[in-house]
């Protein structure tokens, strides 16, 4: 297999392997818990406390502030956001429609001036952790990386359909190196923070389609941190 390189001449395979190892740790330390606890006991109901922690960890909590003279406003925002997320998950609409509608509703709940009341990144992250794994998580780091990989940024940061299409194009272009990386990942478990009694669960998770998606997300985030890419930790 001929290895691709990033602009800094780092082997794409090396960076993908770093990303896989990094995401394996992230899955165990943070994402595993969010995936299990965001929907209360596997029900449709969203846990507002978990949603708030998730938003802070994934850097989309900026608009959920406490209003002056209304100390309960912040918690009320989360209750409303959770209700909108529950409705989106239960909706029979197409994924793109769910993302768009939730981004608008979240923008009303927690308006952030710079995003014009359209919280696209938050919508994709909330939906994904609520079990909508067909959703492509939109993050500025991934937007920057995809813009460089295809040579033009365009509307990647504000147009979910365009972002998802470019994400898939690049995912397909990296399929071979990603497959090799995931095949080797079980051999790297000793180098992770995952305890031995969770290794069997981890090896099962490594085979899930959503896990390969998230490893590619991690690769994009790592590549998108700087102009040359590089090894980074989570948030």
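Since every read-out is calculated from the coordinates, none of them should be taken as a lab result. Just so we're clear, the structure is a prediction, and the values are computed from it rather than from any experiment. Glycine also receives a Cβ, built like all others from the backbone with ideal geometry; neighbour counts cover every protein chain displayed.
Quick notes on this one:
- Nearest 10 degrees, 0 to 90: helix 12-26 Cα axis against the chain principal axis: 40
- By the count of neighbouring beta-carbon atoms within 10 Å, fewest first, 148, 136 end up ordered 148, 136.
- Percentage relative contact order, the stretch 40-130, counting C-alpha pairs under 8 Å, at least six apart: 29
- Nearest-0.05 FRET efficiency for residue 76 and residue 179, computed from C-beta distance (R0 41 Å): 0.35
- Computed from the C-beta positions of residue 37 and residue 86 and an R0 of 22 Å, the FRET efficiency is 0.90 to the nearest 0.05.
- Given their separation in residues at 0.36 nm each and the Cα-Cα distance between them, residue 134 and residue 172 gain 12.2 nm when the chain is fully extended.
- As a rough guide to protection, the peptides 87-94, 119-126 ranked by mean Cβ packing within 10 Å, highest first, stand as 119-126, 87-94.
- Cα-based helix-to-principal-axis angle, 209-224 vs the chain, degrees rounded to 10: 90
- Theoretical ellipticity at 222 nm over the chain - DSSP helices of four or more residues, -39500 (n - 2.57) apiece, nearest 500: -17500 deg cm²/dmol
- Cα-based helix-to-principal-axis angle, 48-57 vs the chain, degrees rounded to 10: 50
- Distance between the modelled labels on residue 14 and residue 44, one decimal in nanometres: 5.1 nm (7 Å Cα→Cβ projection).
- Structure-derived mean projected area of the Cα convex hull in nm²: which label, when the choices are [x] 13.3; [y] 12.2; [z] 16.7: [x]
- Förster-model FRET efficiency, 41 Å R0, residue 159 and residue 210, C-beta, rounded to 0.05: 0.95
- The stretch 25-53 residues near the modelled residue 197 label - backbone nitrogen below 19 Å, point 7 Å along Cα→Cβ: 28-30, 32-33
- Taking the centroid of alpha carbons for each part, the stretch 33-62 and the stretch 177-195 are 27 Å apart.
- Length-normalised contact order for the chain - Cα pairs under 8 Å, 6+ apart - percent: 26
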